[in-house]
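Here is the structure we will look at.
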Amino acid sequence: MGKMGLSWRMLSGKFREAIDTIVERLNKDHFDWMLVGSVNMALQGIDVTPRDLDFVVRFEDLERIRNVFSDYGVSEVSELKPFIDRAAWDVHFEIEGIDVQFLGEKDDGEYVRWMLKKCVVFVDRIRCFDLRTEAGVYARTNRKNRADEILNFLDNV
């Protein structure tokens with residue numbers, strides 16, 4: 001499995017356990033979903049220290065997410081302060097002491113439209129945004145430092 005396998009093993013046990021729990025439930029309940037953010041970057045070989053888990057789902061699935069993870073005290077669906085030009089909502093909770101956020105957008109949202117176009121890399125059974133797509137989203141959502149970090153990594157692989 002190369003770099004990706006090594007990166008998976010480098011995540012703390014709590015992150016791995018939380019990911020396993022989440023992925024099992026998401027796949028069992030047939031969600032469209034994607035892992036994004038620092039854990040995605042770490043799984044694909046970038047040397048970052050994740051603080052939380054970030055997933056993207058369709059807006060209409062956020063209530064289902066609340067039901068599927070209700071045993072973890074999921075928050076209410078709340079609208080996020082705009083960091084992009086389209087509306088976004090989220091729910092959040094903790095698994096194994098790890099903060100988990102599910103970002104939900106309409107189908108034309110900055111993240112969801114790329115998820116639906118299948119800009120995906122599988123790390124084991126984990127659906128991750130491909131790094132070029134992740135960098136593009138970071139750039140378009142005013143997080144240029146993160147975008148540059150990914151692009152620098154890709155230029156040196």
Number of the exception - Ala42 against (1) surrounded by fewer than 14 Cβ atoms within 10 Å (Cβ to Cβ); (2) modelled with pLDDT under 95; (3) part of a helix (DSSP H, G or I); (4) not polar (S, T, N, Q): (1)
Evaluation of Ile95 against (1) modelled with pLDDT of 90 or more; (2) surrounded by 14 or more Cβ atoms within 10 Å (Cβ to Cβ); (3) more than 22 Å from Ala18 (Cα to Cα); (4) over 14 Å from the mean Cα position of the chain (by Cα) (one fails), failing number: (3)
Residues that are within 15 Å of Phe102 (Cβ to Cβ) and either among the aliphatic types (A, V, I, L, M) or touching a Ser or Thr at 6+ places or on another chain (Cβ under 9 Å) (or both), drawn from region 28-42: Met34, Leu35, Val36, Val39
Helices (runs of 4 or more DSSP H) fully within region 89-157 counting 1 or more residues that are within 15 Å of Val39 (Cα to Cα): 131-140, 144-155
Of all residues in region 127-157 being at pLDDT below 95 and of a type in the set (Val, Ile, Thr), the one that is surrounded by the fewest Cβ atoms within 10 Å (Cβ to Cβ): Val157
Of residues in region 1-38 being assigned to a loop (DSSP other than H, G, I, E, B) and among the hydrophobic types (A, V, I, L, M, F, W, C), the one modelled with the lowest pLDDT: Met1
Where a residue in region 22-41 is farther than 22 Å from Lys117 by Cβ and its partner, wherever it lies, is modelled with pLDDT under 95 and exposed (fewer than 15 other Cβ atoms within 10 Å of the Cβ), with Cβ under 8 Å and at least six apart: Ser38/Thr49; Ser38/Arg51
Unique match (being under 13 Å from the mean Cα position of the chain (by Cα) and charged (D, E, K, R)) among Asp61, Asp47, Asp130: Asp130
Selected residue (criterion: farthest from Glu79 (Cα to Cα)) from residues of region 109-124 that are touching a residue at least 24 places away in the same chain (Cβ under 8 Å) and not hydrophobic (A, V, I, L, M, F, W, C): Asp124
Positions within region 108-122 being surrounded by 20 or more Cβ atoms within 10 Å (Cβ to Cβ) and either at pLDDT below 85 or touching a Ser or Thr at 6+ places or on another chain (Cβ under 6 Å) (or both), in sequence order: Trp114
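The values are calculated or read from the model by the stated rules, or taken from the named source; none is laboratory data. Keep in mind that this is a model prediction, so the values were computed, not measured. So basically every Cβ, Gly included, is an ideal-geometry build from the backbone, and we count neighbours across all protein chains shown.
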